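Have a look at the structure below, then the notes.
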Amino acid sequence: MSHKIVLFTVFAVIFLAAVLNVNAEEIKLRITAPLDRAEVPERPFVEGTITDPNVKLWVVVHPVGVSDYWVQPNVTIKEDGTWKVKIYIGRPGAVDLDKQFEILAVTDPEIVLTEGKVLDDWPNARCKSQVIEVRRK
């Protein structure tokens, strides 16, 4: 083999390893509050952490027993990876008292999300948090 082919092969292997290593870095996304199975008011704060503060993050709420998934207001992520957003749990007033809701945070969803958008399932996304369940008080 010529030196050019050997150098090209070595360069290609190093480049591929670097690309695979970058893609292997998994983003970790977690909801830290409220706790799973907590009782929450109509407008609770949801807080969490993420290892990449430069991504777009959304919170989605699913009323248990209903087929709708509601996209919540925009989330602001601080430089340290902490985030916090005030969300909606059910409808205003007493109509949704004692009902169960699931909450999920996602980054870089495959579809465009906007506040108030209603989905028919959790969005496919680059990264998802754990699902927590809360009860409206």
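So that you can scan it fast, the table gives a plain yes or no per residue for (1) surrounded by 14 or more Cβ atoms within 10 Å (Cβ to Cβ); (2) in contact with a Cys (Cβ under 8 Å, 6 or more places away or on another chain):
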site	(1), (2)
GLU26	no, yes
ASP36	no, no
ASP68	no, no
GLY81	yes, no
In the stretch 38-58, which residues are among the aromatic types (Phe, Trp, Tyr) and surrounded by 19 or more Cβ atoms within 10 Å (Cβ to Cβ)? TRP58
Every listed condition ((1) of a type outside the set (S, T, N, Q); (2) within 17 Å of GLU26 (Cα to Cα); (3) surrounded by fewer than 18 Cβ atoms within 10 Å (Cβ to Cβ); (4) at pLDDT 95 or above) holds for LYS117 save (2)
Could you please let me know if VAL46 is part of a strand (DSSP E or B) and in contact with a Leu (Cβ under 8 Å, 6 or more places away or on another chain)? no
What's the number of the only condition in (1) loosely packed, with under 15 Cβ neighbours inside 10 Å; (2) modelled with pLDDT of 95 or more; (3) under 14 Å from ARG43 (Cα atoms) that VAL61 fails to meet? (1)
Return the pair list, or none, for Cβ contacts closer than 7 Å from residues in the stretch 109-121 that are assigned to a strand (DSSP E or B) to residues that are charged (D, E, K, R) and surrounded by 10 or more Cβ atoms within 10 Å (Cβ to Cβ), at least 6 apart or on different chains. VAL118/ASP68
Do we find that ILE89 is in a strand (DSSP E or B), in contact (Cβ under 8 Å) with a residue 12 or more places away in the chain and either of a type in the set (A, V, I, L, M, F, W, C) or loosely packed, with under 14 Cβ neighbours inside 10 Å (or both) in this structure? no
THR76 fails exactly one of the following numbered conditions: (1) touching a Phe, Trp or Tyr at 6+ places or on another chain (Cβ under 7 Å); (2) in contact (Cβ under 8 Å) with a residue 24 or more places away in the chain; (3) closer than 19 Å to PRO34 by Cα. What is the number of that condition? (2)
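The values are calculated or read from the model by the stated rules, or taken from the named source; none is laboratory data. What you see is a predicted model, and the numbers here were worked out from it, not measured in a lab. We place every Cβ from the backbone using ideal geometry, glycine too, and count neighbours over all the protein chains shown.
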